[in-house]
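Inspection log for the structure reproduced underneath, given as structure tokens.
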Amino acid sequence: MKKSIIKVTTAVFLLSQLLSMGGGFQDSEVSAAAPAPTTTKPAAAVMTDNLFKYGLKKDIELPATVTADGFSYTLEKIMIYETKSATAQALIKQYGFTGIANDKYFIWTKFTISNNSKYLVQLTSKDLAEKWRLFFGKEASVKMPDKLWDKMNSPLALWGWKLNPGQKLSSYQAYTYNGDFKYFYIFLDVKGAKSYLDVVEEKNE
């Protein structure tokens, strides 16, 4: 028993001497055994909306999809800005949105539409009916990018579009809004087939 104690004591003494010699052992042995430092940073969470800023607490997360008769609209991202803000003004200038100087809010959306129906779905001179609408208490007003008036299926900002069966399109769309934010739902109306999806349900106070 005493021999064991002596061996342990001797080992501890030798170790302390080595560590006192400028840390050479610690650098060469301990550092080598330690995990290599990593510079990889955790991926930043992607911000898909700022609805919370306007008192809207989501009941479902984005992306959110609503479907009617094989045609689907998926809201990927939605950001609400004061129309006079620098961000809103930059988008307005970039794509040529007009007639919105007196509107309070400018809403910028990213979306994907997919046509899995058996017929052509479009927004052109042959069919001017809006296929989806956004409601926050009142309906938001869709705005057209004047600089892209001659572009069909533009992925930058949507004007006219058409999708044959089996086709899909991802793009951006602007709205303006002047009411209160009470809830948020997406309404779909495609050739008489209707559907809606609550993103933020109305809360009864």
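Would you check which residues across the stretch 138-164 are surrounded by fewer than 14 Cβ atoms within 10 Å (Cβ to Cβ) and either touching a residue at least 60 places away in the same chain (Cβ under 8 Å) or of a type in the set (Gly, Ala, Ser) (or both) and list them? Leu156, the sole residue that qualifies. If you filter the stretch 116-161 down to residues that are among the basic types (Lys, Arg) and part of a loop (DSSP other than H, G, I, E, B), you find that the one that is farthest from Val190 (Cα to Cα) is Lys151. Out of the residues in the stretch 166-205 meeting the condition of being among the small types (Gly, Ala, Ser) and at pLDDT 95 or above, tell me which one is surrounded by the fewest Cβ atoms within 10 Å (Cβ to Cβ). So, considering only residues that are among the small types (Gly, Ala, Ser) and at pLDDT 95 or above, the one surrounded by the fewest Cβ atoms within 10 Å (Cβ to Cβ) is Gly166.
Filter the stretch 162-185 down to the residues that are in a loop (DSSP other than H, G, I, E, B) and either among the basic types (Lys, Arg) or under 22 Å from Tyr81 (Cα atoms) (or both) and list them by number. Once the filter is applied, which keeps residues that are in a loop (DSSP other than H, G, I, E, B) and either among the basic types (Lys, Arg) or under 22 Å from Tyr81 (Cα atoms) (or both), the stretch 162-185 yields Asn178, Gly179, Asp180, Phe181, Lys182, Tyr183. Filtered by the rule that a residue be farther than 17 Å from Asp49 by Cα and in contact with an Asp or Glu (Cβ under 6 Å, 6 or more places away or on another chain), the stretch 73-97 gives a lone residue, Gly96. Look at the stretch 50-62: where a residue is basic (Lys, Arg) and a partner is assigned to a helix (DSSP H, G or I) and surrounded by 13 or more Cβ atoms within 10 Å (Cβ to Cβ), sitting 6+ places away or on another chain with Cβ atoms under 7 Å, you get Lys58/Leu51.
Considering only the stretch 103-115, state which residues are outside any loop (DSSP other than H, G, I, E, B) and not β-branched (Val, Ile, Thr).
Tyr105, Phe106, Trp108, Lys110, Phe111, Ser114, Asn115
Here Ala88 clears all of (1) free of Cβ contacts under 8 Å to residues at least 24 places away in the same chain; (2) surrounded by fewer than 19 Cβ atoms within 10 Å (Cβ to Cβ) except the condition numbered (2).
The values are calculated or read from the model by the stated rules, or taken from the named source; none is laboratory data. Note that the structure is predicted; figures quoted are calculated from it, not measured. Counting neighbours? That spans all protein chains shown, and the Cβs are built from the backbone with ideal geometry, glycine included.
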